[in-house]
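The values are calculated or read from the model by the stated rules, or taken from the named source; none is laboratory data. As the structure is a computational prediction, the values presented were derived from the model and not from experiment. No Cβ is skipped: glycine too gets one built from the backbone with ideal geometry, and neighbour counts run over all protein chains shown.
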Amino acid sequence: MIRYRFLRHSFLVSLLIAVAIPLYTIFFLLPALTAQLVNTFEENAISVAHHLSAMLREHHLLHDGQMAISQDFMDEVKKISRDFHVSKHRIFSRSGKIIAASEEKDIGTVNKNDYFHQKVAAGQIFTKVVAKNEKTMDGESIKKDVVETYVPMMDDGQFLGAFEIYFDITKQKHNLDQLTFQSSAILITIGFGFLGLLFFVRRSVVRPISAVTDAMVRMSQGDLEQRAPVTGKDEISTMASIFNHMCEQLQESHRGLKREKNKLTTILLGAREGIVATNADGEISLVNPAAQRLLGKSEESIIADGFLQMFDDPDFMKHCLEGAGTGMPDTIVYNNHVLKIYASTIVAPDAGTIGSAALIRDITDEKKLEEKLRKLSHTDGLTGLLNRRRMDELLTDEINRAIRYHLEFGVLLFDVDHFKQFNDRHGHAQGDRILQGIAAAMTGHFRNVDFCCRYGGEEFLVIMPSTIHPGIMEAAERFRIRVEEMAIDGLKVTVSIGVAVYPQSGHFKSSEEILKAADAALYEAKSAGRNCVRLPPPTESPVR
């Protein structure tokens, strides 16, 4: 019923106080106060008895153990009784006979009770509280609350007699009972009042706070729909309103984050790029479908292998992470794909590591297109041979290489004999097929290390790197014969070939110089009747 420890303990303490106070009053406080009251009157009785005993001795009323009671002594007894509010008194002789009393009817009566002869006669003071309507030790019924005290009178250990003194404590007993009752009533009222206060606090304070606390607990467990009840305009209601406003803001922020998370999830799942991320402990926490497809592995396999084993090459991944600051991606061929890898370690603002991430981009098609464009930029569209621009680049590189390393190489420049007549007689389409046939023959004849180029029109050029003079001449002659022996669409074709060899034909410094020498050699072949191979004349060779 009561949930909070403080309130439960307070309730139990209050209940204990409410029950314990009456019990304490009845069984401890009232007896203790009564005993204290009896002790007080007993002391008064002893004082009166001692005073009277002293008077007896002072006036020599004690003779040989006998008491002689004079009228003056009795007058003094009456006076003392008034002063000490003694309600009744008796004076006993040694034998227990009453020799003087406040009531004359008692004089001459003998007390034969055991308590008198065994206790009082032995010198013990004997006191008893006699309640109203109860009987005294002598068996007399009284209408008051009294304290009855027997005080022995001794002389050198010899019992001479005793004084019986009654004190009326009816008023004191009544006042004591009334005080005890009033005190108990007040304390009980306070106890029950405190219980009422506790229930009021529970209903007005604890229960509303409990409702707000419960709402906070449920919200901390993820229930953002939870609201605290607002029951009034007090401080607790204000706190509940503030809490509800905070919940609404958190809920709206949570909705926004959820929307953004859904967007991000959609992007990640639908992205063509593979994405793999780890947490701060280096454990893989995210693998999107594209990464599984590009790596050719399942999500479970990627997670089990770990981030560094993503491409089965930990050193490569370490290199990617170390070079992340340069902004340059790394490229790898993996699973029949050409992949660009953007990898980095994610660092928090406080310099702590959040994790690592890798973006995997498939550039296989881009590489193919790049290669195709490269070929298109270097290739003649009609023949598929290298074009003039690429030829100039290769020829310059080969001259520089030959000069640096003292190598030999050759250049073959040739054209189709009487090509204009083919065009005039058979049309330009046939002329194009003849050029394509010559190009196919070049590709099939020369080595893979040789560069077959279309020089322009019906002219072709071959660069033969690292080839000695006799080999160049032999290759040129064999190619001439091959063309002569073949037919293109039933038409016979021949070529005239001019050959320039470095350094035999000259120590050429540029592509222009060797092309000039090859062109001079071609002119010599045509002058010699065509369908032959010639070197440039000596006069056309560059100065050494």
Here the residues within the stretch 363-400 that are of a type in the set (Val, Ile, Thr) and over 20 Å from residue 516 (Cβ atoms) are 363, 364, 379, 383
When both residues are 6+ apart or on different chains and their Cβ atoms are under 7 Å apart, which pairs have a first residue that lies in the stretch 293-318 and is assigned by TED's automatic domain parsing to the domain that holds residue 358 and aromatic (Phe, Trp, Tyr), and a second that is surrounded by 13 or more Cβ atoms within 10 Å (Cβ to Cβ) and part of a helix (DSSP H, G or I)? 307/317; 311/317
Of the conditions (1) free of Cβ contacts under 8 Å to residues at least 60 places away in the same chain; (2) more than 17 Å from residue 148 (Cα to Cα), residue 93 satisfies every one except a single condition; which number is it? (1)
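From the list 215, 228, pick out the single residue that is within 22 Å of the chain's Cα centre (by Cα) and surrounded by 15 or more Cβ atoms within 10 Å (Cβ to Cβ).
Details: 228 fails: within 22 Å of the chain's Cα centre (by Cα).
Result of the check over 215, 228: 215.
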Looking at the stretch 451-469, can you tell me whether even one residue there is crowded, with 22+ Cβ neighbours inside 10 Å and either on the phi > 0 side of the Ramachandran plot or polar (S, T, N, Q) (or both)? no
Does residue 288 fit the bill of being over 30 Å from residue 209 (Cα atoms) and surrounded by 15 or more Cβ atoms within 10 Å (Cβ to Cβ)? yes
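Residue check: is residue 433 surrounded by fewer than 19 Cβ atoms within 10 Å (Cβ to Cβ), in contact (Cβ under 8 Å) with a residue 12 or more places away in the chain and either among the small types (Gly, Ala, Ser) or in a helix (DSSP H, G or I) (or both)? Talk me through it step by step, then tell me what you get.
On the way: surrounded by fewer than 19 Cβ atoms within 10 Å (Cβ to Cβ): yes; in contact (Cβ under 8 Å) with a residue 12 or more places away in the chain: yes; either among the small types (Gly, Ala, Ser) or in a helix (DSSP H, G or I) (or both): yes.
So residue 433 fits the description; yes.
Yes/no per residue for (1) within 19 Å of residue 417 (Cβ to Cβ); (2) free of Cβ contacts under 8 Å to residues at least 40 places away in the same chain; (3) in contact with a helix residue (DSSP H, G or I) (Cβ under 9 Å, 6 or more places away or on another chain); (4) part of a loop (DSSP other than H, G, I, E, B):
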site	(1), (2), (3), (4)
443	no, no, no, no
453	no, no, yes, no
461	yes, no, yes, no
470	no, yes, no, no
477	yes, no, no, no
498	yes, no, yes, no
509	no, no, yes, yes
513	no, yes, yes, no
524	yes, yes, yes, no
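What do you reckon, is residue 286 not small (Gly, Ala, Ser) and not assigned by TED's automatic domain parsing to the domain that holds residue 340?
Numbers: not small (Gly, Ala, Ser): yes; not assigned by TED's automatic domain parsing to the domain that holds residue 340: no.
Judged against the criteria, residue 286 is not a match.
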Which one of the conditions (1) in a helix (DSSP H, G or I); (2) touching a residue at least 24 places away in the same chain (Cβ under 8 Å) does residue 280 fail to meet, given that it meets all the rest? (1)
Quickly run through the stretch 337-370 and pick out the residues that are within 24 Å of residue 279 (Cβ to Cβ), of a type outside the set (A, V, I, L, M, F, W, C) and either over 25 Å from the mean Cα position of the chain (by Cα) or not assigned by TED's automatic domain parsing to the domain that holds residue 284 (or both). 342, 361
State whether one or more residues within the stretch 12-32 are out of contact with any Ser or Thr (no Cβ under 9 Å at 6 or more places or on another chain), modelled with pLDDT of 70 or more and farther than 30 Å from residue 180 by Cα. no
Report every pair of residues separated by at least 6 positions or lying on different chains whose Cβ atoms are under 8 Å apart, first residue within the stretch 158-184 and more than 21 Å from residue 40 (Cβ to Cβ) and modelled with pLDDT under 80, second among the aliphatic types (A, V, I, L, M) and crowded, with 17+ Cβ neighbours inside 10 Å. 184/21
Please go through (1) modelled with pLDDT of 85 or more; (2) within 21 Å of residue 40 (Cα to Cα); (3) surrounded by 19 or more Cβ atoms within 10 Å (Cβ to Cβ) for residue 125 and return the number of the only condition it doesn't satisfy. (3)
